[in-house]
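The structure appears below as structure tokens.
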Amino acid sequence: MRKKFVAANWKMYTNRVGAQQLAADVVKGLAGDDRVTVALCPPFPYLAFVADAVKGSKVVLGAQNMYPDKEGAFTGEVSPTMLLDVGCTHVILGHSERRHKLGESDWFINQKVRSALAAGLQVILCVGETLDERKSNQTDAVLDRQLTQGLVDVAAADTPRLVVAYEPVWAIGTGHNATPEQAQEAHAFLRRRFGQIFSEKAAVALPIQYGGSVKPDNAAILFAQPDVDGGLIGGASLKADSFLAIVRAGIS
Ligand code: 13P
């Protein structure tokens with residue numbers, strides 16, 4: 001059985017003291033319980049502080065983005081080696097806010113995915129359709145495109161370091177989560193496609209997180225779906241109590 005994986009995407013929220021406290025509270029609340037893999041993904045300036053707060057615990061550190069190059073004249077960007085250097089094991093790539101608000105293309109996201117994997121990071125690749133795309137029955141086509149193009153030239157040997165997050169754009173920060181049936185359907189589709197791209201074995205092992213208005217009161221039913229292997233949590237990850245309740249919903 002796949003281990004559940006719940007990641008906190010703090011987006012552009014928290015401050016230094018708040019981030020340290022939140023991380024410390026999550027570590028304390030888990031009390032060493034690692035039945036669910038837990039990752040915290042703070043904003044760049046707080047990565048090193050949160051790294052200190054989770055040191056010695058089972059909680060892992062992730063970044064919310066990166067630039068594909070190792071170093072260079074890329075003002076304002078952060079490289080995979082820098083992320084590793086401050087203690088990150090994971091990086092979120094292709095988040096819908098980067099696709100839709102910052103104009104990132106499937107091609108650019110693929111550059112990042114390959115670079116992150118080559119550097120030794122684990123990648124949480126986000127995919128998801130907009131409301132218009134869902135209404136016009138393009139959900140499968142969009143998921144197919146984002147998955148396939150995001151994974152161009154990824155080696156089969158690297159698939160154990162991949163996580164896919166299904167985040168329907170219309171469910172992010174809106175309070176309207178996908179129904180468990182909608183989530184299951186999309187996850188099953190993504191797993192099937194992943195299996196066609198790589199192998200059945202890789203697909204069976206792939207963790208697929210659901211993201212989009214996951215809260216303590218809907219997490220258990222979402223995580224109970226056979227192809228939902230945890231969540232990528234935005235708003236509800238900013239309070240230790242609600243985040244911990246969501247993590248606990250992943251304990252089976
Ligand atoms: P919300 O949980 O706030 O809807 O955000 C989901 C998300 O975008 C996580 O990456």
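The values are calculated or read from the model by the stated rules, or taken from the named source; none is laboratory data. Fair warning: this is a prediction, and the values are worked out from it, not measured in the lab. Heads up, the Cβs are rebuilt from the backbone with ideal geometry, glycines too, and the neighbour counts pull from every protein chain shown.
Which residues, taken from region 149-163, are among the small types (Gly, Ala, Ser) and surrounded by fewer than 19 Cβ atoms within 10 Å (Cβ to Cβ)? Even if it seems obvious, please write down each step before you answer.
Taking region 149-163 as the starting set, the residues that turn out to be among the small types (Gly, Ala, Ser) are 150, 155-157.
Within region 149-163, ALA155, ALA156, ALA157 qualify.
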Filtered residues of region 164-196 (kept if more than 15 Å from the ligand (Cβ to nearest atom), closer than 17 Å to SER213 by Cα and either surrounded by 18 or more Cβ atoms within 10 Å (Cβ to Cβ) or small (Gly, Ala, Ser) (or both)): GLN184, HIS187
Near pairs, Cβ below 7 angstrom, 6+ apart or cross-chain, from region 113-138 (closer than 22 Å to ILE172 by Cβ and assigned to a helix (DSSP H, G or I)) to any residue that is away from the ligand (no atom under 16 Å from the Cβ) and aliphatic (A, V, I, L, M): VAL113/LEU151; VAL113/VAL154; GLU133/VAL142
Hey, SER96 at pLDDT 95 or above and more than 16 Å from the ligand (Cβ to nearest atom) or not: no
Qualifying position, being more than 27 Å from LYS11 (Cα to Cα) and away from the ligand (no atom under 16 Å from the Cβ), among ASP158, ASP227, ASP153: ASP153
Pair list, Cβ < 6 Å and 6+ apart or interchain, from region 206-218 residues that are over 15 Å from ASN9 (Cα atoms) to residues that are near the ligand (Cβ under 9 Å from one of its atoms): ASN218/ASN177
Residue, nearest to the ligand (Cβ to nearest atom), within region 197-224, restricted to residues that are surrounded by fewer than 18 Cβ atoms within 10 Å (Cβ to Cβ) and β-branched (Val, Ile, Thr): ILE221
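Please go through region 6-25 and pick out each residue that is within 16 Å of the ligand (Cβ to nearest atom) and within 24 Å of MET82 (Cβ to Cβ). So that I can check it myself, show each step before the final result.
In the first step, residues of region 6-25 are kept if they are within 16 Å of the ligand (Cβ to nearest atom); the result is 6-14, 22.
Of everything in region 6-25, those that are within 16 Å of the ligand (Cβ to nearest atom) and within 24 Å of MET82 (Cβ to Cβ) turn out to be ALA7, ALA8, ASN9, TRP10, LYS11, MET12, TYR13, THR14, LEU22.
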Any strands (runs of 3 or more DSSP E) falling wholly within region 1-89 and containing at least 1 residues that are of a type in the set (A, V, I, L, M, F, W, C), over 22 Å from GLY173 (Cα atoms) and touching a strand residue (DSSP E or B) at 6+ places or on another chain (Cβ under 8 Å): 60-63
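Looking at LYS70, is it under 18 Å from the mean Cα position of the chain (by Cα) and charged (D, E, K, R)? First the steps, then the outcome.
Details: under 18 Å from the mean Cα position of the chain (by Cα): no; charged (D, E, K, R): yes.
Answer is no for this residue.
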Residue pairs meeting the criteria (Cβ under 6 Å; at least 6 apart or on separate chains; first within 16 Å of ALA116 (Cα to Cα) and basic (Lys, Arg), in region 147-174; second modelled with pLDDT of 95 or more and near the ligand (Cβ under 10 Å from one of its atoms)): none
